[in-house]
Amino acid sequence: MKRLVPFALAAVLLTSSACHMFSSKKNPSAPKESKTVAVDVEKDFMHRWIDKRAADLVSQGRAPDAARAQAVSEFKATFSYTTVAAQAK
């Protein structure tokens, strides 16, 4: 009797989880992944960082155009290892 209970529980676990494990159906409601996720994230980071730094420089008294230009050059120097730093305008 003592051995029957663990074997019965193991059998139930194997049969209930095996149905999902060997299923060939994919989740149709899952969003499709973009092939450029990393680049999209880097671009978003670049835009947010430049906007924040330019706002900081404007609050320190710089002209908005000069502040943005300085923020872009600082981004290129600080994050030169990213792919978007070379594309920053």
*Carbon/sulfur fraction of accessible area - the range 25-87, other protein chains in place, 1.4 Å, %*: 56 percent
*Once fully extended, how much extra length lies between residue 39 and residue 5, figured as 0.36 nm per residue of separation less the alpha-carbon to alpha-carbon distance?*
6.9 nm
_Label-point gap, in nm, between residue 58 and residue 78 - each point 7 angstrom along Cα→Cβ_ = 1.7 nm
*Quick one: Karplus J couplings for the range 31-42, per residue in order, coefficients 6.51, -1.76, 1.60, θ = phi - 60°, nearest Hz, x for Gly and Pro?*
x, 6, 7, 7, 7, 10, 4, 4, 5, 4, 5, 5
*Got a number for the accessible area of residue 73? Probe 1.4 Å, square angstrom, nearest 10.*
60 Å²
*Just reorder 42, 33 by solvent-accessible area, largest first, 1.4 Å probe, all chains present.*
33, 42
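The values are calculated or read from the model by the stated rules, or taken from the named source; none is laboratory data. From a predicted model like this one, the values you see are computed outputs, not experimental measurements. So basically every Cβ, Gly included, is an ideal-geometry build from the backbone, and we count neighbours across all protein chains shown. Protein only, heavy atoms only, side chains kept; ligands, DNA and RNA dropped before computing areas. Shrake-Rupley method; radii C 1.70, N 1.55, O 1.52, S 1.80 Å.
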